[in-house]
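S.K.: Take this structure first; my questions come after.
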């Protein structure tokens, strides 16, 4: 048994070491570009002292900001979820002993009632079975890091870290400085690139090949960086994460991609802080405190976010009828389902038993953290009686009763 554990630990250590390969590659490219630009281009090919000083000063400023932002993005710890979101020992025992999806959801509703969470899943509060806590708004579980990350954007292999609340500003600055760095290197090496092609034998030695490859590499990276940087600037101005752009967060009033949109300036300030002097520096900036009843009452804590959706209690209701065929209905024989977010009883959702009426269609509900954006989608088989098995047995289809509308027409 000890030998098996040792083998498993060795495999885990090897896997963790392999994750640093992309980071080592980026660092190697930066180190080589320093040699090619400073030693070969500036010292060997620059014609005047003024030109050398101009190139070297701007280059080193960009290099320092690029390296600083990259370091901060890599080694800034991901945000952790506060303890008040974690299920207590008694709640966890009660949750594990409960039978059926309805019982589990009722327990989660009771726990989440006093927590500052506006978003939910189609069937109830956002709950992480791996970390055993209610997930705060914009928080997701990363299958690579193995923890829930506050305001998770994505897991980036090029920094071997999750990009989330605490390092999202650093990540955007890293992309920006990397793009400016590549553009500066490309434009300043362009005259020498043209000269080498026009008069190939004028400058002998291997130095010209370093400058030629430096131009090509800088152009290649700048093209890839400008699209990625521009996309994340767009997300910042609309107050969305990459995950929210592909899958809209669900509020009590329904899915809304712009649920956290506060206006372009306020969205920008939420990420970069309210101190303009720190906008271009990779330093963490907090927001002014707000009057919110939580132990960590800051808008910039990664837990509480301003939204156009108001926090309202979740009310459970019991649908009275379900579709059993195309033209008839029958009394509800299954367990209660959560009501729709609209309090109007005319908009109550009901659980469909049989499809085929041409009006309603099946909708597959999946765990939001079992998505390819967060990790590999896996097939999980659970024994009978577990919550996953209950979810599989429970019909996830929802329909709306249109009979009153048809009769009025």
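The values are calculated or read from the model by the stated rules, or taken from the named source; none is laboratory data. As the structure is a prediction and not an experimental result, all values here were calculated from the model. Reconstructed Cβ throughout: ideal geometry from the backbone, glycine too, with neighbour counts over all protein chains shown.
S.K.: So, residue 229, is that one at pLDDT 95 or above and assigned to a loop (DSSP other than H, G, I, E, B) or not?
M.R.: no
S.K.: Spot the failing condition for residue 266; the list is (1) at pLDDT 90 or above; (2) farther than 22 Å from residue 167 by Cα, and only one is missed.
M.R.: Just one mismatch for residue 266, condition (2).
Conditions (1) under 20 Å from residue 252 (Cα atoms); (2) in contact with a strand residue (DSSP E or B) (Cβ under 6 Å, 6 or more places away or on another chain); (3) at pLDDT below 90, marked per residue:
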residue: 97; (1), (2), (3): no, no, yes
residue: 101; (1), (2), (3): yes, no, yes
residue: 108; (1), (2), (3): yes, yes, no
residue: 114; (1), (2), (3): yes, no, yes
residue: 120; (1), (2), (3): yes, yes, no
residue: 128; (1), (2), (3): yes, yes, no
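S.K.: Let me spell it out: the conditions are (1) assigned to a helix (DSSP H, G or I); (2) in contact with a helix residue (DSSP H, G or I) (Cβ under 6 Å, 6 or more places away or on another chain); (3) crowded, with 21+ Cβ neighbours inside 10 Å, and residue 159 meets all of them except one. Which number is the exception?
M.R.: The failed condition is (1).
S.K.: When you scan the stretch 133-144, do you find a residue that is in contact with a helix residue (DSSP H, G or I) (Cβ under 7 Å, 6 or more places away or on another chain) and surrounded by fewer than 17 Cβ atoms within 10 Å (Cβ to Cβ), even just one?
M.R.: no
S.K.: Also: Which members of the stretch 114-151 meet the condition of being in a strand (DSSP E or B) and under 15 Å from residue 304 (Cβ atoms)?
M.R.: Passing the criteria: only 134.
S.K.: Moving to a separate point now. Any chance the stretch 46-56 includes a residue that's touching a strand residue (DSSP E or B) at 6+ places or on another chain (Cβ under 8 Å) and modelled with pLDDT under 90?
M.R.: Initial filter on the stretch 46-56 (touching a strand residue (DSSP E or B) at 6+ places or on another chain (Cβ under 8 Å)): none.
No; the residues of the stretch 46-56 include none that is touching a strand residue (DSSP E or B) at 6+ places or on another chain (Cβ under 8 Å) and modelled with pLDDT under 90.
S.K.: Follow-up question, since we're still on this one. Would you please list the contacts, defined by Cβ atoms under 8 Å and residues six or more apart or on different chains, that run from a residue in the stretch 49-60 that is surrounded by fewer than 14 Cβ atoms within 10 Å (Cβ to Cβ) to a residue that is modelled with pLDDT of 95 or more?
M.R.: Between residues of the stretch 49-60 that are surrounded by fewer than 14 Cβ atoms within 10 Å (Cβ to Cβ) and residues that are modelled with pLDDT of 95 or more, there is no close pair.
S.K.: Quick check, is residue 292 in contact with a strand residue (DSSP E or B) (Cβ under 9 Å, 6 or more places away or on another chain), in a loop (DSSP other than H, G, I, E, B) and modelled with pLDDT under 65?
M.R.: Yes, satisfied.
S.K.: So, one more: Conditions first: (1) over 25 Å from the mean Cα position of the chain (by Cα); (2) in contact (Cβ under 8 Å) with a residue 60 or more places away in the chain; (3) part of a helix (DSSP H, G or I). Residue 43 passes all but one, so which condition is the exception?
M.R.: (2)
S.K.: Something else now. Being loosely packed, with under 13 Cβ neighbours inside 10 Å and more than 25 Å from residue 160 (Cβ to Cβ) is the filter here; which residues of the stretch 7-42 pass it?
M.R.: Result: 39, single match.
S.K.: Part of a helix (DSSP H, G or I), surrounded by 15 or more Cβ atoms within 10 Å (Cβ to Cβ) and without any contact (Cβ under 8 Å) to a residue 40 or more places away in the chain, is that true of residue 108?
M.R.: yes
S.K.: On to the next question. Let me spell it out: the conditions are (1) out of contact with any strand residue (DSSP E or B) (no Cβ under 9 Å at 6 or more places or on another chain); (2) free of Cβ contacts under 8 Å to residues at least 60 places away in the same chain; (3) surrounded by 14 or more Cβ atoms within 10 Å (Cβ to Cβ), and residue 86 meets all of them except one. Which number is the exception?
M.R.: Unmet for residue 86, out of (1) out of contact with any strand residue (DSSP E or B) (no Cβ under 9 Å at 6 or more places or on another chain); (2) free of Cβ contacts under 8 Å to residues at least 60 places away in the same chain; (3) surrounded by 14 or more Cβ atoms within 10 Å (Cβ to Cβ): (1).
S.K.: Turning to a different aspect of this structure: Pairs needed: first member in the stretch 179-200, closer than 20 Å to residue 29 by Cβ; second member anywhere, at pLDDT below 85 and surrounded by 13 or more Cβ atoms within 10 Å (Cβ to Cβ); C-beta distance under 8 Å; at least 6 residues apart or different chains.
M.R.: Partner pairs satisfying both residue conditions: 192/45; 192/208.
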